[in-house]
Amino acid sequence: MGLLKLAGDAIRAAHTVEKIEYAPRDAASNDIIVYRHEIENFGKAARLQVAPNQVAIFVNDGETKVWAPGLHRMDDSKVSSSPFFQKILNVVSDGEPIYSTKIYFINLVTLMDMKFGTADMIPVRDPEFGIRVRVRAAGLFGAHINNDDIDGVEVLKFFNKVNGTRERFTKGDLEAYLRGKIQEFLANLLGEVIGEKRICTLDLASHYTEVSKALQERMTPEFDKFGIRIDNFSVVNIKLLDSDLDVINEAMVKRATTAIEAQGQAAAMTVESEALAAKRAREGYTYQQEAGFGVMKEAAGNTATMGSMMGLGVGFGMGGAMGGAMGQMANQTMGTMGAAPGGAAPAGGAAPAAAPEGKACPDCGTIVPPGAKFCPNCGRKSGEFCPKCGAELAPGAKFCPNCGEKLTKACPDCGTELAPGAKFCPNCGKKL
């Protein structure tokens, strides 16, 4: 037993420490994100010191336990070696437990101003011109190992999926890992953001903030799967391939030229329409009359077609409408031709035909009989007319401008002024 005790003393002296901690002492050690402690066997009197910006992970026989910041006693640990191995250690150490486990210290410090850039060109479709172009993106980002939930679940995601069994994992390793993931995500997300925001690729420089925010929102859940929290993400440059830039510029020039040509055509049509309207006003006919003349001329040259229209019942209405217009134009023309210079009677001593009663419709020229409220040809409302002489009245007139007839009457009961043709008083309701 004396020999076994000496062996136990040697093990305790070589493999036990009083305090377990990782305290970086220089710039190089500050850049270490994951550090595995070099000693694995600890006595129950040992203390575990976890700094405020750290967590510790115990790994033993496939089991893991996360230790939060603070000072912990080793015999509080629920992680122990296998019963068989622990029994041997208890024997050689004279009954004093020795804990054999791997301890990893995880640095939770936020890493700022890390750079990213896409190694390959990313194909995107310009939403304004529908042209597929290729771009490169570059920028800055910051990240940290996520322990916002405090219970260590997120830290274990990073430890199991990213670090694995590596004894050292540095800031450079993490930056390279994150850059690779960003390149992977950007290849899919950048085109989606540009398309959804409807940003022309030529205007991307003025939308960097908007694009950066959208990309960070898209990438955050992807990085959460690995226990990494993206603290900031800024796109500082998106560059198009020169040949694609030339294609976009050509498309812009073509669109501008087409717009100018369209404006010129619209202006020419406006001038032409104004000239035709002036011509009709000068010669005394309307667009409807001009269209009617064309239809009649075409029908005269195609009697079969006209007969077919008449057979269908269409020609009667058309002929009536055009007949009114033609009759009006004939009256105007004959009246002009029959009048001698200076207003003298036409040759042959025949007196000029009396002008038809009523007023000409301002739309189609058909004579509207006195008192009619609608044009018998085109249906235009003719306004109000004097009930005595049939003269057209101005809106709101109280006397006829032709015969002087008083147009308003008073209610015999209450004296309220009545509108022309009213059948009941609007004030007391008396029947008139």
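The values are calculated or read from the model by the stated rules, or taken from the named source; none is laboratory data. Predicted model, so just to flag it, every value in this text is computed and none were measured. All Cβ positions, glycine included, derive from the backbone under ideal geometry; neighbour counts span all protein chains shown. Please note that ligands, DNA and RNA were not included when accessible areas were found on the heavy atoms of the full protein model with its side chains. Shrake-Rupley method; radii C 1.70, N 1.55, O 1.52, S 1.80 Å.
Restricting attention to region 146-224, which GluC sites (Glu not before Pro) occupy a DSSP loop and are surrounded by at most 15 other Cβ atoms within 10 Å?
Glu167
Going 7 Å from the Cα of Ala138 toward and past its Cβ, which residues in region 108-124 have a backbone nitrogen under 13 Å from where you end up?
Only 115-120 fall inside the zone, counting backbone N under 13 Å.
Explain nothing, just the number: dipole magnitude of region 120-225 about its Cα centre with +1 on each Lys and Arg Cβ and -1 on each Asp and Glu Cβ, in debye rounded to the nearest 20.
Dipole about the Cα centre, nearest 20: 380 debye.
Using modelled backbone amide H atoms (1.01 Å from N, in-plane), which distant-in-sequence or interchain residues come within less than 5 Å of Asp231's amide H?
Those lying under 5 Å, H to H, from Asp231 are Gly142, Ala143, His144.
How big is the accessible area of Ile106 in square angstrom, nearest 10, if you roll a 1.4 angstrom probe over the protein chains?
0
Can you work out the accessible area per residue across region 147-280, with the rest of the protein chains kept in place, probe 1.4 Å, in square angstrom?
In whole numbers, region 147-280 has 57 Å² accessible per residue.
Take Leu71 and Ala27, extend 7 Å from each Cα along the Cα→Cβ direction, and tell me the distance between the two endpoints in nm.
The two pseudo-label positions are separated by 3.3 nm.
7 Å from Cα along Cα→Cβ at both Asp113 and Tyr208: what's the point-to-point distance in nm?
Using points 7 Å along Cα→Cβ, the separation is 1.6 nm.
Report the far tail of the P(r) of region 143-216, meaning the percent of Cα-Cα pairs longer than 14 Å.
71
Leaving out ligands, DNA and RNA, and with a 1.4 Å probe, what % of the accessible surface on region 155-278 is carbon or sulfur?
Carbon plus sulfur share of accessible area: 53 percent.
Between Glu18 and Arg255, what is 0.36 nm times their sequence separation minus the Cα-Cα distance? Round to one decimal in nm.
Contour length minus Cα-Cα distance gives 77.5 nm.
With r as the distance between the Cβ atoms of Ala277 and Cys389 and R0 = 25 Å, compute the FRET efficiency 1/(1 + (r/R0)^6) and round to 0.05.
0.15
What is the list of residues in region 388-415 whose amide nitrogen lies under 14 Å from a point 7 angstrom out from the Cα of Lys430, following Cα to Cβ?
It comes to 409-415, nothing else.
How far, in nm, would the chain grow between Cys200 and Lys373 when pulled straight, counting 0.36 nm per residue and subtracting the alpha carbon separation?
My answer for the length gained is 56.4 nm.
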